[in-house]
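Chemist: Right, I'll just put the structure down here and ask away after.
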Amino acid sequence: MLITVVADYGLGDLAFAEVRQRFAHLLPHAQVDAVPVPPFDTVSAGFCLAQLAFGDGPADRIVYANVAPREDLDDARDDNEGEPLAAAQLDSGVLVVGVASGFSLSFLAAEGVPVRAVKVADAGSQFRSRDVFPAAVAALARGEDLLGEELDLPAPPAGAVVYTDGYGNLKTSYSSAPAPVGTAVQVKIGDVAAEAVVSDGVFAVPAGTMSFAPGSSGWGGKAFYELLLRGGDAAGVFGRPRSGTPIALQSGGWGMRW
């Protein structure tokens with residue numbers, strides 16, 4: 001069994017090691033991998049979760065996501081209470097379990113996958129993803145019925161940055177071209193604008209040129225577009241925008257918007 005933990009603990013953080021140990025105790029035959037995302041970044045977490053859940057792999061795998069900024073309530077919280085745990089079983093057999101925070105489960109739900117509350121405490125520890133939730137994940141993996149009502153989740157952000165990879169490529173929620181291939185467009189993310197060329201491949205532009213093209217991520221027959229600066233760092237050009245930041249695309253000057 002493969003368990004992939006998507007969380008905002010930080011690369012190499014002690015928290016990842018502790019969660020791995022907890023799963024090794026509860027599911028000793030499982031291999032546990034870790035995928036870090038930026039602090040409190042539920043957009044990146046949701047995108048990674050969906051990419052891993054819908055991608056190829058063993059049918060008995062588990063994708064476990066924990067990014068819990070506890071932003072659903074501004075008042076003081078008792079006993080470290082936070083957003084609840086939720087889960088979904090895909091037709092492929094993949095089990096997805098994650099904290100229902102922000103957009104963490106939105107990309108999954110947008111594909112018509114029912115996401116249900118898990119009947120487990122949502123309080124009791126600052127570190128619920130180690131102390132509380134892994135036991136529920138293990139119980140679900142054993143086939144125990146812990147699922148409650150279906151949750152109503154927000155739609156994933158449209159026309160936005162959804163993930164930045166290690167090369168500085170900006171993965172977006174665009175799944176179709178905004179203009180014909182070969183068109184130069186102005187891209188504005190936050191306060192920064194730069195030119196990109198719409199292409200049918202991220203490397204189908206000369207060195208030093210930024211492309212806006214179908215990238216390596218996607219599911220259900222669609223590929224999500226990426227901004228890639230060939231030989232450079234697209235994220236750096238745009239000031240390393242946070243996932244969820246809207247992307248404005250215009251052609252023919254800033255008076256025309258796609």
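The values are calculated or read from the model by the stated rules, or taken from the named source; none is laboratory data. Not measured: the values here are computed from a predicted model. With ideal geometry, Cβ positions are generated from the backbone for all residues, glycine too; neighbour counts draw on all protein chains shown.
Chemist: Could you list, in sequence order, the residues of segment 120-168 that are touching a Pro at 6+ places or on another chain (Cβ under 7 Å) and surrounded by 21 or more Cβ atoms within 10 Å (Cβ to Cβ)? First the steps, then the outcome.
Modeler: We begin by selecting, within segment 120-168, every residue touching a Pro at 6+ places or on another chain (Cβ under 7 Å); these are 122, 150, 159-161.
Residue satisfying the conditions is VAL161 alone.
Chemist: Exactly one condition in (1) farther than 18 Å from ALA141 by Cα; (2) in contact with a helix residue (DSSP H, G or I) (Cβ under 8 Å, 6 or more places away or on another chain); (3) in a helix (DSSP H, G or I) is not met by SER44; state its number.
Modeler: (2)
Chemist: Within segment 184-217, can you find the residues that are closer than 27 Å to ASP8 by Cβ and either without any contact (Cβ under 8 Å) to a residue 12 or more places away in the chain or among the hydroxyl-bearing types (Ser, Thr, Tyr) (or both)?
Modeler: Once the filter is applied, which keeps residues that are closer than 27 Å to ASP8 by Cβ and either without any contact (Cβ under 8 Å) to a residue 12 or more places away in the chain or among the hydroxyl-bearing types (Ser, Thr, Tyr) (or both), segment 184-217 yields SER216, SER217.
Chemist: A further question on this structure: Restricting to segment 192-209, count the residues that are surrounded by fewer than 16 Cβ atoms within 10 Å (Cβ to Cβ) and either at pLDDT 95 or above or in a strand (DSSP E or B) (or both).
Modeler: Within segment 192-209, residues that are surrounded by fewer than 16 Cβ atoms within 10 Å (Cβ to Cβ) and either at pLDDT 95 or above or in a strand (DSSP E or B) (or both) number 4.
Okay, residues lined up against (1) within 21 Å of LEU49 (Cβ to Cβ); (2) crowded, with 16+ Cβ neighbours inside 10 Å; (3) within 22 Å of the chain's Cα centre (by Cα):
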position: LEU170; (1), (2), (3): yes, yes, yes
position: VAL181; (1), (2), (3): no, no, no
position: ALA184; (1), (2), (3): no, no, no
position: SER211; (1), (2), (3): no, yes, no
position: SER217; (1), (2), (3): yes, yes, yes
position: PHE224; (1), (2), (3): yes, yes, yes
position: ASP233; (1), (2), (3): no, no, yes
position: GLY239; (1), (2), (3): no, no, yes
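Chemist: If you check every pair at least six apart or on different chains, which have Cβ atoms under 6 Å apart with a residue in segment 168-183 that is closer than 17 Å to LYS222 by Cα first and a residue that is among the basic types (Lys, Arg) second?
Modeler: The qualifying pairs are SER175/LYS222.
Chemist: The conditions are (1) over 28 Å from PRO38 (Cβ atoms); (2) within 24 Å of the chain's Cα centre (by Cα), and ALA155 fails exactly one of them. Which is it?
Modeler: Going through (1) over 28 Å from PRO38 (Cβ atoms); (2) within 24 Å of the chain's Cα centre (by Cα) one by one, ALA155 breaks only (1).
Chemist: Scan segment 9-52 residue by residue and report those that are closer than 13 Å to GLY102 by Cβ and surrounded by fewer than 21 Cβ atoms within 10 Å (Cβ to Cβ). Before the answer, list the steps.
Modeler: Our first condition is that a residue be closer than 13 Å to GLY102 by Cβ; within segment 9-52, this holds for 37-47, 49.
Selection gives PRO38, PRO39, PHE40.
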